[in-house]
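Read the structure below first, then the notes.
The values are calculated or read from the model by the stated rules, or taken from the named source; none is laboratory data. Source: prediction; values computed, not measured. Every residue, glycine as well, gets a Cβ built from its backbone with ideal geometry; the counts of neighbours run over all protein chains shown.
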Amino acid sequence: MTFFDKKMDYRVTFDLDENIFIVYSTDTKHQGSGITIEQAIDDLKKSA
């Protein structure tokens with residue numbers, strides 16, 4: 001799925017092996033991960 005934040009576009013996937021959400025920025029190709037989608041988005045924002 002692709003979601004649109006006011007500041008960035010990102011895609012969300014779920015890693016079944018690790019049981020974590022992974023969020024990819026569609027603009028910068030950075031990624032973040034977390035147990036919840038919100039944590040993954042926060043991690044992505046830190047790396048961007």
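Some points to look at:
- Cβ-Cβ contacts under 6 Å between residues 6 or more apart (or on different chains), taken from a first residue in segment 23-48 that is β-branched (Val, Ile, Thr) to a second residue that is assigned to a helix (DSSP H, G or I), are listed as 23/40; 23/41; 23/44.
- Out of 21, 4, sole residue that is modelled with pLDDT under 95 and of a type in the set (Phe, Trp, Tyr): 4
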